[in-house]
Amino acid sequence: MMKRNLGFVLSFILTAEALCVSAGAGVRAGKYSDSEIEKRIDEVGEQYIDFYRRGRGALELEMDSAAAGGPLLGFNGLQKNASAVAEDGAADYAFDDAVYEEAAEYEAYEAPDSGYELLRTQSGGDFGEAYHTEEYAGVEESGFISTKTQPFSTFGADVDTASYSSLRRKLLEPYAYGDDPYYYGIDDSAIRVEEMINYFPYSYNQAEDDEKFGVTTALCPCPWNGDTLLLKVGIRAEDLKEELRGSNIVFLIDTSGSMFDFDKLPLVKKSLEILTDNLDERDSVSIVTYAGSEEVILEGASGDEKERILSAVNGLEAWGSTYGEGGINKAYEIAEKHYIDGGNNRVILCTDGDFNVGTSSEAGLKELISRKRQSGIFFSCLGFGEGNYSDTTMETLADNGNGNYFYIDCEREADRALNKEFFSTVYTAAKDTKFQVEFNPATVKGYRLIGYENRRMAAEDFADDTKDGGEVGAGQCVTVLYEVVPVSSGFEIPEVPSRYGKEEESADGKDANIELLSVSIRYKDPGSDESVLREYPVSMNDLKEEMDADTSWAAGVAQAGMLLRDSKYAGTSTFDGIYQRLKEDPEIMDNDYKAEFLFMLRAMKKYKAA
């Protein structure tokens, strides 16, 4: 078996002792004891690991076969070897129903994008190093900025969550190997802190009357820096209005050779089955596939024709190269043909992002999808798999196609994104949403935006309706965190001296009525090209000595992201400290996502120690 032996550094013991939890820590999260909470965290973490464990058993069988010079069966062919997979615990996993007639036929197929050609040609080499070619756009962490030189902080709203679920996979999948994980490490650019924060729902104010958003702000001492304050801005979009429902959805599915893995096309099928269950007679469904060329396999089916839709989905097979450009063009053509006036018109791409025929560069894809979004059709991305995964491609398409971006690492994530949060995923409440925070130099010395590095905009772009912002789904929450340095703080902010302008008298924070900052939000209704502006001032009157539960959770997730990235701004943050604080959250016993994150914190500490 060809896999890197990291057992000597990553033992991944599933115990609370991994974070030095004291047995006498007392009662947490209401009426529950430490032992009950720890048991709950273990159970939720194991549920995620089980998916990877079953799939990995099949992957190891595949790799063993190739290393021994045997045929490369692919996961369809593995259906013939269920008994051999059984001892690896993977026989019960529902792989693709279709079985290739001859394994030798699959072996003869030459697909450089399949990721497994290397196994046939370099059976004695290090498969892991060569196969791991994932792509992520560079992320340069934001530093502190002086309000005297730059009082405006401007960025597009981002509620994508792909970075979080991708990180979960990288942290938890090695558990499937026990004490001998096949592990690649985590690229800092794969850690987008704002996507980690926005993965979780928060209890923000509901939108009132005819407002698009409910807005919640919180100001409190920063938990990792005694010289700064933590500002949280949270918005919650209005819920879906029933009379607006009606969707024209085109599933654009990558069926190229790189999609045959257990966590790619088979998981795509499961994901679309979950999404289809939420459709009804008011919805129109089409399916376009692309490999060496594009093909329309279902067009204009009613959302209540579920058997017809699922029959088309389940008949898909992975084969060929990856002509993504052709697929995108065909999907938009079909979406325009079945366009619903006043409804939700959306293309949903399912792929590993590995385009290798036609337009494939980031600049080329950005230009292509930016032209297509003028049609009024939204473009969302569901990412699958690993190894050759192109996060850069997926983020480019979603950000410039007026859509959202999810990474589906397991069936539970598919259920979250496409069932529990179906309306937020599929229905847009506001498009081109932008934030601009103006800081008052008389009361604020400096500030730092946490995350959103890839969404920053020029201050002048805020009021320019031709500049693209972000999309927010129905009922969806957006959370923004700033580290704020008041003028009374001893924290030093680099400044650029100027001979012009009169120095304003410092307020020293003594007058609580003087504004610290003003939060401005600009957005467009989905069917409009003109933006709406809303403004919300914040003063020292808003300062609270204690963090509320939502702020504490968002701050803890941000701290974890900073520690993973070895951020110089992490201050006094430690995995132990985050774990102990968040373990007291009252929702831990009822919220799978929060319990899972605490499980991930244990893995983060192990990973950084290694």
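All of the numbers you see were taken from the coordinates with simple rules; none came from a lab. Since we're looking at a predicted model, the values are computed, not measured. Every residue, glycine among them, receives a Cβ derived from its backbone with ideal geometry; neighbour counts consider all protein chains shown.
Data overview
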{"quantity": "Pairwise FRET efficiency - Arg456 versus Glu530, Cβ, R0 = 25 Å, nearest 0.05", "calculated": "0.60"}
{"quantity": "Qualifying lysines (Cα of each under 22 Å from Cα of Lys366; at least 8 residues distant if same chain)", "calculated": "Lys330, Lys431, Lys434, Lys467, Lys524"}
{"quantity": "For segment 242-426: relative contact order, % (alpha-carbon pairs under 8 angstrom, 6 or more apart)", "calculated": "26"}
{"quantity": "Residues whose placed amide H lies under 5 Å from that of Asn388, excluding near-sequence neighbours", "calculated": "Thr133"}
{"quantity": "Placed amide H near Glu584: partners under 5 Å, 5+ positions off or other chain", "calculated": "none"}
{"quantity": "Within segment 454-485: backbone nitrogen closer than 19 Å to the Asp548 label point (7 Å, Cα to C-beta)", "calculated": "475-484"}
{"quantity": "Spin-label pair Lys467/Lys31, simplified geometry with 7 Å Cα→Cβ offset, distance in nm", "calculated": "5.3"}
{"quantity": "Nitroxide proxy distance, nm - points 7 Å out along Cα→Cβ at Gln47 and Asp188", "calculated": "3.5"}
{"quantity": "Ordering of 155-168, 255-268 by packing [mean C-beta count within 10 Å, highest first]", "calculated": "255-268, 155-168"}
{"quantity": "Burial ordering of Val484, Val519, fewest other beta-carbon atoms within 10 Å first", "calculated": "Val519, Val484"}
{"quantity": "Spin-label pair Asn205/Ser375, simplified geometry with 7 Å Cα→Cβ offset, distance in nm", "calculated": "4.0"}
{"quantity": "Loop-resident sites, segment 407-507, for trypsin sites (Lys or Arg not before Pro), counting at most 13 other Cβ within 10 Å (DSSP)", "calculated": "Arg499, Lys502"}
{"quantity": "Under 17 Å from the Cα of Lys337 - lysines, other chains or at least 8 residues apart", "calculated": "Lys372"}
{"quantity": "Ranking of Cys350, Cys410 by count of other Cβ atoms within 10 Å, fewest first", "calculated": "Cys410, Cys350"}
{"quantity": "Mean Cβ count within 10 Å, highest first, over the residues of peptides 470-477, 459-466, 187-194", "calculated": "470-477, 187-194, 459-466"}
{"quantity": "Within-10-Å neighbourhood charge of Thr425 [Cβ basis; K, R +1; D, E -1]", "calculated": "+2"}
{"quantity": "Spin-label proximity, Asp576 to segment 596-610 - amide N less than 20 Å from point 7 Å beyond Cα toward beta carbon", "calculated": "598-610"}
{"quantity": "Magnitude of the charge dipole, segment 242-426, Cβ model with Lys/Arg +1 and Asp/Glu -1, debye to 20", "calculated": "300"}
{"quantity": "FRET E, pair Arg308, Thr149, Förster distance 60 Å, beta-carbon r, rounded to 0.05", "calculated": "0.50"}
{"quantity": "Exposure proxy order (Cβ contacts within 10 Å, fewest to most) of Tyr177, Tyr569, Tyr427", "calculated": "Tyr569, Tyr177, Tyr427"}
